[in-house]
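*Asks:* One structure is given below, represented as structure tokens, and several questions about it will come after.
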Amino acid sequence: MATVAGLLDDATARIAAALGLDKREARLEARTLAAFAWNVSPAWLIAHDTDPLTDAQSAQFQTLLTRRLVGEPVAYLTGTREFYGRPFRVSPDVLIPRPDTELLVELALERMPPDQAMDVLDLGTGSGCIAITLALERPHARVTAVDRSAAALAIARHNAGILDARVAFQPGDWFDALAGRRFGLIASNPPYVPAADPHLARGDVRFEPLGALAAGNDGLDDLRQLIAAARAHLVPGGTLLLEHGHDQAEAVVALLQENGYAHPQSWPDLAGILRVSGAIVSE
């Protein structure tokens, strides 16, 4: 009879072979799926590794494994992804939060006073992970989050409610619903992948919303629009921070310069890749 350990060993090998993951990554995925399928903790899996499996347990796990083997992301299978140490609900209506975006959050927090109010805007909020994290880390901030997708906003509102974050959610296409409003900080992780990029047809990305990923022939369409429009929505001395592709820092800095921002610069992620660029509006 199959045991917990035997099932995890088999699943690890199948995930690694099907998805090209190393054994450590594949093992982590197998354990995550098992814990979710059986509503148990990772510690339970270790303590019960020699337990025989029931038919129901095997069926529950195999259903998830089959979906993972064709590439469906683990975050969509479990409905959750951790970001900045907190669990966020996700679905195919929103991008899966990634560690790279924590750099954008860190840079924003450095510019937000911990004991003073500041109006902060998150554009294209998706799951709400950026806006909610900023609101929780800086309780005095007045955070607004915008998305054009009603389904994404529903998930973001759910996450804010579960995490007890004070965020004002606004439906709209970038700045369209924000006429006359100005902010001390605007942060965004907009679409920035070129429409013909072959990566859009590979791996987990195949299952994510294309409209939140692709942005024209060179991937800069939305970044151009945001950079051009943001100045009118920043207070003097306000900061614009933008996540972008691994090879787009030079182009984004040039756009910031062309649009009259002061002190444009880029910052590297933990892999040393220039992942976020930003600038300020001169006082």
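The values are calculated or read from the model by the stated rules, or taken from the named source; none is laboratory data. Worth saying up front: this structure is predicted, and the values here are computed from it rather than measured. In this analysis, Cβ positions are derived from the backbone assuming ideal geometry, glycine residues included, and neighbour counts consider all displayed protein chains. Just the protein is used for accessible areas: all its heavy atoms, side chains included, with ligands, DNA and RNA removed. Shrake-Rupley method; radii C 1.70, N 1.55, O 1.52, S 1.80 Å.
*Asks:* Among the strands (runs of 3 or more DSSP E) lying completely within region 109-221, list those that include at least 3 residues that are under 21 Å from residue 75 (Cβ atoms) and among the basic types (Lys, Arg). Outline the logic, then answer.
*Replies:* On the way: elements: 119-123, 142-147, 167-171, 183-188.
Because the criterion is at least 3 residues that are under 21 Å from residue 75 (Cβ atoms) and among the basic types (Lys, Arg), no strands (runs of 3 or more DSSP E) in region 109-221 meet it.
*Asks:* In the set 12, 54, which member is modelled with pLDDT under 95, polar (S, T, N, Q) and surrounded by 14 or more Cβ atoms within 10 Å (Cβ to Cβ)? Working first, answer last.
*Replies:* Numbers: 54 fails: surrounded by 14 or more Cβ atoms within 10 Å (Cβ to Cβ).
Just a single option satisfies the conditions, and that option is 12.
*Asks:* For region 169-206, what are the residues that are out of contact with any strand residue (DSSP E or B) (no Cβ under 8 Å at 6 or more places or on another chain), open to solvent by less than 70 Å² (accessible area, probe 1.4 Å) and touching a residue at least 60 places away in the same chain (Cβ under 8 Å)?
*Replies:* 203, 204
*Asks:* Would you mention how many residues in region 151-168 are touching a strand residue (DSSP E or B) at 6+ places or on another chain (Cβ under 7 Å) and of a type in the set (Asp, Glu)?
*Replies:* Result for region 151-168: 0.
*Asks:* Consider residue 19 against the criteria (1) farther than 18 Å from residue 76 by Cα; (2) open to solvent by less than 60 Å² (accessible area, probe 1.4 Å); (3) of a type outside the set (Lys, Arg): it satisfies all of them except one. Which criterion is unmet?
*Replies:* Single failed check for residue 19: (1).
*Asks:* Show the residue pairs meeting these rules: Cβ distance below 6 Å; 6+ apart or different chains; first residue within region 66-80 and touching a residue at least 40 places away in the same chain (Cβ under 8 Å) and under 13 Å from residue 204 (Cβ atoms); second residue open to solvent by less than 20 Å² (accessible area, probe 1.4 Å) and in a helix (DSSP H, G or I).
*Replies:* 77/64
*Asks:* Looking at region 230-271 only, could you name the residues that are farther than 22 Å from residue 173 by Cβ and of a type in the set (D, E, K, R)?
*Replies:* Answer for region 230-271, where residues must be farther than 22 Å from residue 173 by Cβ and of a type in the set (D, E, K, R): 247, 250, 258, 269.
*Asks:* Being among the hydroxyl-bearing types (Ser, Thr, Tyr) and touching a Leu at 6+ places or on another chain (Cβ under 9 Å) is the filter here; which residues of region 61-100 pass it? Step through it out loud before you land on a result.
*Replies:* So in region 61-100, the residues among the hydroxyl-bearing types (Ser, Thr, Tyr) come out as 63, 66, 76, 78, 80, 84, 91.
Of everything in region 61-100, those that are among the hydroxyl-bearing types (Ser, Thr, Tyr) and touching a Leu at 6+ places or on another chain (Cβ under 9 Å) turn out to be 78, 84.
*Asks:* Would you mind telling me which numbered condition in (1) surrounded by fewer than 20 Cβ atoms within 10 Å (Cβ to Cβ); (2) closer than 30 Å to residue 131 by Cβ; (3) not aliphatic (A, V, I, L, M) residue 101 fails?
*Replies:* Of the numbered conditions (1) surrounded by fewer than 20 Cβ atoms within 10 Å (Cβ to Cβ); (2) closer than 30 Å to residue 131 by Cβ; (3) not aliphatic (A, V, I, L, M), the odd one out for residue 101 is (1).
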